[in-house]
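A short worksheet on the structure shown next.
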Amino acid sequence: MRKIFVLLVSCLAMGAMAQSEEVAFSHTVENSLKKEVKDMPVVVSLKDYGDVQSAVVKLNGEEIPSQLDDLDKDGTFDELAFVCDFKKKEKKTFSITLSNMGEQKEYTPRTFAELMLRNPKVKVKNQQDIYLQEISVTPDTKDPYHLVHHHGVAFESELIAIRIYYDQRQTLDLYGKLKKRLEIKDTQFYTLDEQKAAGYGDDVLWVGNTFGLGALRGWNGSEPTMIDDVQNRIQRIIATGPVRTIVEVEDRGWKATADKPRLNMKIRYTLWAGHRDVDVYASFSRDVRDMLFSTGVINVKDSKEWNNGKDIRGCWGTDWPTGANDSVGHKRETVGLGVKIPQKYIVSMEPANVNNYAYVIRPDENNEIHYQVAYCSKNEEFATWDEDTWFEWLKQW
């Protein structure tokens, strides 16, 4: 749950369920903002309810889509998630029934994630068919970037789609949509000409070695450093469904600095239905509070920057999405980018350079870093964007 919302819970029944049992309770949520909130995320912890297998959420007697997620992949669902629209200062009470029998009902998906291997027998670029849940490679795999299809795990809501490069950059690269819908299953991030003619989106950002949209990197005192020396490089899909998608990038045995032992870094990305902002949660296996890291957004060619002088920084710009030397079949794309970092993590906001608008950051007392990233594409037919409207969106974020 985002900190800006107040969560009130009134339970009519609690505790682990016995064999073939259901538990019903009410769950009250209040929007504490003085503005309407669309698709407000709601999360209910299941740690007190035993082995939940299915759940039903109702509002005013009407069933709404929900999702059960096993976040640590131990075979037990950890959280129940759903979204709902709220008016300003509105309070709603949901009726929730949990059962240790059956399976979770399937609802219309509003998020999606895919991780794939390239199939050499399939010649059409966006008809690959080897789907994975997780992949882990050692340094002996010299080019994991080309091992996996679309160069890394991809995930989407109806508004946006992102892929995370499976290499030392771990960059977030962006797909711009025209229509409000899920598309990655169809285009696999490589849109055919006939799909473009039918209104499908496409890659809209060239990232190179930059942050792209909020990649987490090291910091050597003067510039970002890549996640180069690792013993295992891992990507996995944690959840995908009607309500949210969660993917992870894990670097085991990362030699982040020459004078410190190797560490494990896990970065979890959560994207909710109806959202263009992504929650980023990084955690470390060692005490890294004396180490510096970095993130930010790419300085799109000739872009204009906006920041509030503290926790939000973004830009608006136009460039070739694949670089000027590989632009055949593409047009120049205009995007708005943003990163929002709680001030407790910020060490400095660095001057813009030719590559990035950067922050230097430090983990908290729990050896964690939490922040958010967001973007828009001017191609969107379901929203109207220009420099002013994007910067206003950042101000209201």
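Odds and ends about this structure:
- Of the residues making up the range 237-273, just one is under 19 Å from residue 44 (Cβ atoms), surrounded by fewer than 23 Cβ atoms within 10 Å (Cβ to Cβ) and touching a Leu at 6+ places or on another chain (Cβ under 7 Å), namely 238.
- Annotation: residue 291 fulfils all but one of (1) in a strand (DSSP E or B); (2) open to solvent by less than 20 Å² (accessible area, probe 1.4 Å); the unmet one is (1).
- Subset of the range 187-209 that is among the hydroxyl-bearing types (Ser, Thr, Tyr) and part of a loop (DSSP other than H, G, I, E, B) - its residue that is nearest to residue 264 (Cα to Cα): 190
- Filter result for residue 94 (more than 25 Å from the chain's Cα centre (by Cα) and not polar (S, T, N, Q)): yes
- Residue check for residue 280: closer than 15 Å to residue 370 by Cβ, part of a loop (DSSP other than H, G, I, E, B) and either modelled with pLDDT of 95 or more or of a type in the set (S, T, N, Q) (or both): no
- Test: residue in the range 187-201 that is open to solvent by less than 20 Å² (accessible area, probe 1.4 Å), under 28 Å from residue 254 (Cβ atoms), touching a residue at least 24 places away in the same chain (Cβ under 8 Å) and of a type in the set (Val, Ile, Thr): no
- Cβ pairs under 6 Å, 6+ apart, first in the range 275-295 and under 18 Å from residue 211 (Cβ atoms), second open to solvent by 10 Å² or more (accessible area, probe 1.4 Å) and aromatic (Phe, Trp, Tyr): 292/219; 293/219; 294/219
- Residue 39 fulfils the conditions (1) surrounded by 14 or more Cβ atoms within 10 Å (Cβ to Cβ); (2) at pLDDT below 95; (3) among the charged types (D, E, K, R) except for a single criterion, (2).
- Strands (runs of 3 or more DSSP E) wholly inside the range 303-397 that include at least 3 residues being of a type outside the set (A, V, I, L, M, F, W, C) and in contact (Cβ under 8 Å) with a residue 12 or more places away in the chain: 304-307, 312-319, 333-340, 356-361, 368-377
- Odd one out for residue 353, checked against (1) under 20 Å from residue 267 (Cα atoms); (2) surrounded by fewer than 16 Cβ atoms within 10 Å (Cβ to Cβ): (1)
- Here the condition is being of a type in the set (D, E, K, R) and within 29 Å of residue 86 (Cβ to Cβ); of 276, 286, it holds for 276 alone.
- Restricted to strands (runs of 3 or more DSSP E) entirely inside the range 55-125, those with at least 1 residues that are touching a residue at least 12 places away in the same chain (Cβ under 8 Å), farther than 25 Å from residue 183 by Cβ and open to solvent by 60 Å² or more (accessible area, probe 1.4 Å) are 91-99.
- Qualifying residue in the range 356-373 (condition: closer than 27 Å to residue 179 by Cβ and either open to solvent by 30 Å² or more (accessible area, probe 1.4 Å) or in contact with a Gly (Cβ under 7 Å, 6 or more places away or on another chain) (or both)): yes
- Meets criteria (open to solvent by less than 50 Å² (accessible area, probe 1.4 Å), of a type in the set (Lys, Arg), touching a strand residue (DSSP E or B) at 6+ places or on another chain (Cβ under 8 Å) and free of Cβ contacts under 8 Å to residues at least 40 places away in the same chain) for residue 163: yes
- Members of the range 247-256 that are farther than 29 Å from residue 316 by Cβ and assigned to a strand (DSSP E or B): 248, 250, 251, 252, 253, 254
- Of the residues making up the range 210-236, those that are open to solvent by less than 10 Å² (accessible area, probe 1.4 Å), of a type in the set (Gly, Ala, Ser) and in a loop (DSSP other than H, G, I, E, B) are 214, 215.
- Filtering the range 294-312 to residues that are open to solvent by less than 50 Å² (accessible area, probe 1.4 Å), within 12 Å of residue 348 (Cβ to Cβ) and not hydroxyl-bearing (Ser, Thr, Tyr) leaves only 296.
- Only a single item in (1) under 21 Å from the mean Cα position of the chain (by Cα); (2) surrounded by fewer than 21 Cβ atoms within 10 Å (Cβ to Cβ); (3) not β-branched (Val, Ile, Thr) is not met by residue 376, and it is number (2).
- Assessment of the range 55-74 against the conditions (in contact with a Gly (Cβ under 6 Å, 6 or more places away or on another chain) and either at pLDDT 95 or above or not hydrophobic (A, V, I, L, M, F, W, C) (or both)) yields at least one matching residue.
The values are calculated or read from the model by the stated rules, or taken from the named source; none is laboratory data. Remember, it's a predicted structure, so these values are computed and weren't measured experimentally. We place every Cβ from the backbone using ideal geometry, glycine too, and count neighbours over all the protein chains shown. Only protein heavy atoms, including side chains, enter the accessible area calculation; ligands, DNA and RNA are left aside. Shrake-Rupley method; radii C 1.70, N 1.55, O 1.52, S 1.80 Å.
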